[in-house]
Ligand code: IVH
């Protein structure tokens with residue numbers, strides 16, 4: 001071996017470890033991946049030719065290694081303690097802790113406040129990393145606190161953990177303690193890959209992290225995208241200890257250890273409460289799970305004065321947040337029937353307090369999701385509710401499944417007929433949903449169809465909500481939207497919670513809805529796949545309802561953005577005698593809209609132009625402006641980009657106006673917009 005090979009290998013190791021740190025810890029790489037790969041392959045080749053060059057801190061040692069028979073025990077030189085938990089959600093937790101600390105330190109009321117270091121409580125697996133002369137030599141789990149397990153092989157695969165500390169003269173011994181975790185984006189990505197390849201997804205990031213570290217085969221651990229945050233030290237020999245815990249973390253960061261930036265040094269209990277509340281608010285936007293915050297007395301001298309009580313330090317406490325995941329039991333799986341007849345399976349849960357609310361139902365979406373989770377009635381499941389997201393079942397705890405095992409849940413088997421109307425249900429090829437074939441015969445579909453018909457962006461009947469629709473349908477007063485226009489005060493007054501006055505209000509709203517637009521009417525019919533935009537395109541193209549009702553698939557496909565699926569849906573809808581009848585009754589009942597001659601392919605005055613609306617316009621609402629721009633063939637987008645043609649700015653326009661100015665996009669006020677719309681407005685187009 002030549003001197004220069006050894007030197008080159010050392011240099012490559014140093015460079016690779018440096019770039020690894022830039023990439024995984026700082027998230028700020030200096031070189032492209034291809035260049036990293038080139039350096040890596042060069043080192044690999046050198047080591048293959050000269051095996052004696054393989055060093056403990058070589059990045060090539062992050063992968064590979066043989067599966068183990070079991071983990072060797074590791075006696076911790078300094079015990080790994082746990083911390084006392086304050087479960088009080090309110091400020092009391094912080095005040096109790098501060099009061100205890102002050103009492104133990106015999107501080108008087110007028111002594112200055114105690115200084116605390118505040119950190120996140122990461123939700124993963126605690127490990128101890130032992131560095132000797134700056135090189136990572138061993139990683140161990142906490143175990144019972146005295147003895148853990150040697151998980152060095154697996155921990156080496158975690159890219160953000162340095163194999164060598166960044167120091168010219170590293171201490172003889174430094175043990176770094178912290179938490180191995182899996183970030184949410186990595187968890188989602190890993191699970192998506194697992195699903196695609198038919199593998200088993202992980203239940204949650206915490207189990208992902210803990211399970212990976214305790215894998216005997218390091219190749220499996222290497223495939224799991226794990227991360228690490230340092231939060232303290234164990235044995236330290238020959239290291240100049242600073243005065244405070246927060247300085248310890250600063251020093252670890254300088255040595256190249258990942259240390260979370262979400263921490264603070266505060267004075268007294270109010271500071272603790274503030275940190276707790278601030279993190280609590282931002283909890284769901286962090287890219288990883290936490291289950292609380294940790295407060296530590298910052299001064300190391302005061303820490304040693306306070307000491308320990310029964311394996312817990314008196315100087316630290318964990319202040320937990322309400323859990324976002326909880327275990328509960330699926331008491332039954334039922335289905336709900338939607339507007340399009342889709343049977344949506346719903347898990348009826350033993351009520352459980354999670355994410356700040358009591359959850360007793362969670363949607364299971366469809367049969368595919370039931371299969372993916374393999375959730376069965378009687379199963380213990382993990383329910384997650386983070387922020388304002390609807391609660392979801394994220395996994396089944398298989399070893400708690402009742403014995404004998406309940407059967408796999410098949411919607412079609414359990415509900416061969418619609419639970420609401422008794423019609424047959426079926427699953428169409430290529431569709432995830434199972435649907436009731438009852439159509440508008442099915443009261444559940446009828447109710448949903450009525451709600452859609454009356455909704456604000458459809459026919460817009462104010463006050464016709466779910467409760468009222470339930471009663472109208474259940475009492476047989478309304479079967480189709482056309483029946484709404486036959487209601488009288490006398491019929492309505494008999495309904496529950498409906499005084500004469502609100503009956504009159506509803507009738508007035510129904511009356512007002514008689515004058516509508518063709519686009520709204522088409523949208524209100526609830527034809528499958530015909531949303532608001534398609535309805536507007538159809539109205540503009542055909543000009544009147546008769547033309548649309550008579551159109552075949554070929555004619556429909558002349559309309560911009562209408563493909564074969566949408567065209568077929570429309571033809572099928574109007575081929576149904578029942579639907580034609582409802583349309584006729586609605587027209588006879590006095591529903592009307594302006595019509596114009598078919599416009600065919602002729603584009604509107606604003607065709608091809610993209611608008612963004614911001615601020616309040618003096619003379620029209622934002623919805624009106626949107627409708628009018630779209631009626632003239634323009635598009636309305638949500639954000640300003642180089643593709644935006646016009647920004648329409650009203651009072652108190654904010655960042656969108658600013659962006660338009662930066663990008664040099666034309667800016668219009670209401671008057672200028674009306675000017676652009678004028679040629680259309682003078683024509684006969686009234687949508
Ligand atoms: S300090 C002597 N700090 O919470 C104090 N622990 O029982 C030792 N944890 O499983 C722990 N984040 O792994 C500390 N910022 C943090 C932490 C933290 C998470 C875990 C730790 C242990 C448990 C404490």
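The numbers here are math on the coordinates, done by the rules we state, and not lab data. The model shown is predicted, which means the values in this text are computed figures rather than measured ones. Every residue, glycine among them, receives a Cβ derived from its backbone with ideal geometry; neighbour counts consider all protein chains shown.
One Cα centroid belongs to the range 370-386, the other to the range 229-278; the line between them spans 39 Å. Bridges between two residues of the range 511-659, per DSSP, are antiparallel at a rate of about 10%.
Each of 328, 610 has some number of other Cβ atoms within 10 Å of its Cβ, and from fewest to most they run 610, 328. Taking 0.36 nm per residue of sequence separation and removing the Cα-Cα distance, the residue 596/residue 487 pair yields an extension gain of 36.2 nm.
Share of Cα-Cα pairs in the range 527-623 beyond 15 Å, in percent?
On the way: 3191 of 4656 pairs.
Of the Cα pairs, 69 percent sit more than 15 Å apart.
Helix 670-682 and the longest principal axis of the Cα set of the chain meet at an angle near 40°.
State, to one decimal in nm², a quarter of the convex hull surface area for the C-alpha atoms of the range 1-81, i.e. the direction-averaged projected area.
Working: hull surface 33.4 nm².
Across all orientations, the range 1-81 yields a mean hull projection of 8.4 nm².
Let me make sure I get this right: for the range 328-414, a, b and c are the square roots of the gyration tensor eigenvalues over alpha carbons, sorted descending. Under 1.5 in a/c it's rounded, otherwise prolate if a/b > b/c, else oblate. Which is it?
Numbers: a/c = 1.89, a/b = 1.05, b/c = 1.80.
Oblate, because a/c is 1.5 or more while a/b does not exceed b/c.
With each label point set 7 Å from Cα along the Cα-Cβ vector, what nm distance links residue 369 and residue 8? For the pair residue 369/residue 8, the computed spacing is 5.7 nm.
Which value in nm describes the separation of the simple spin-label points at residue 670 and residue 412, placed 7 Å from the Cα toward the beta carbon? In this crude spin-label approximation the distance works out to 5.7 nm. Taking one quarter of the surface of the convex hull spanned by the alpha-carbon atoms of the chain gives a direction-averaged projected area of 41.8 nm². Overall shape of the range 382-445 was characterised from the C-alpha gyration tensor. The equivalent ellipsoid obtained from it has semi-axes of 29, 19, 12 Å, in decreasing order. Given axes a ≥ b ≥ c from the Cα gyration tensor, I'd like to know whether the range 355-470 is rounded (a/c under 1.5), prolate (a/b larger than b/c) or oblate. Note, shape of the range 355-470 comes out oblate.
Test of understanding: what is the full-extension gain from residue 431 to residue 572, defined as 0.36 nm times their sequence separation minus their Cα-Cα distance? Don't skip to the answer; put the middle values down first.
On the way: separation 141, 0.36 × 141 = 50.76 nm, distance 1.80 nm.
Stretched fully, the residue 431-residue 572 segment lengthens by 49.0 nm.
Before anything else, pin down the relative contact order of the chain: Cα pairs under 8 Å, at least 6 apart, normalised by residue count, whole percent.
Values: 1223 pairs, mean separation 58.1, N = 687.
Contact order relative to length: 8 percent.
Take the Cβ atoms of residue 642 and residue 561, set R0 to 30 Å, and the FRET efficiency comes out at 0.85.
Given a Förster distance of 22 angstrom, what is the FRET efficiency for residue 274 paired with residue 652, based on the Cβ-Cβ distance and rounded to 0.05? Walk me through the intermediate numbers first.
Numbers: r = 31 Å, r/R0 = 1.42.
Calculated value: 0.10.
Specify the angular offset, from 0 to 90 degrees and rounded to the nearest 10, of the alpha carbon long axis of helix 622-631 from the longest principal axis of the alpha carbons in the chain. In the chain, helix 622-631 runs at an angle near 60 degrees to the longest axis.
Net length available on complete extension from residue 52 to residue 549 is 170.7 nm, with 0.36 nm assigned per residue and the Cα-Cα distance removed.
Treating the angle as unsigned and between 0 and 90°, give the value, to the nearest 10°, between the Cα long axis of helix 245-254 and the longest Cα principal axis of the chain. Relative to the chain, helix 245-254 is tipped by roughly 90 degrees. Structural descriptor for the range 461-583: relative contact order 20 percent, calculated from alpha carbon pairs under 8 angstrom and at least 6 residues apart.
Taking a ≥ b ≥ c as the square roots of the eigenvalues of the Cα gyration tensor of the range 30-124, is the shape rounded (a/c under 1.5), prolate (a/b larger than b/c) or oblate?
On the way: a/c = 3.45, a/b = 2.52, b/c = 1.37.
Prolate, because a/c is 1.5 or more and a/b exceeds b/c.
Extents of the range 472-595, largest first, come to 50, 26, 22 Å (Cα atoms, principal axes, whole angstrom).
Residues in the range 265-291 near a label at residue 91, defined as backbone nitrogen under 14 Å from the 7 Å Cα→Cβ point? Residues 268-278 qualify, since their backbone N sits under 14 Å from the label point. Taking the average, over residues, of other Cβ atoms within 10 Å as the packing measure, peptides 638-651, 178-191 rank 178-191, 638-651 from highest down.
For the range 95-210, state the semi-axes of the equivalent ellipsoid (square roots of 5 times the eigenvalues of the alpha-carbon gyration tensor), sorted largest first and rounded to whole angstrom.
Values: eigenvalues 244, 111, 36 Å².
Equivalent-ellipsoid dimensions as semi-axes: 35, 24, 13 Å.
Using the rule -39500 (n - 2.57) for each DSSP H run of four or more residues, divided by the residues of the chain, the 222 nm mean residue ellipticity is -11000 deg cm²/dmol.
Converting the Cα gyration tensor eigenvalues of the range 580-639 into ellipsoid dimensions via √(5λ) gives semi-axes, longest first, of 29, 18, 10 Å.
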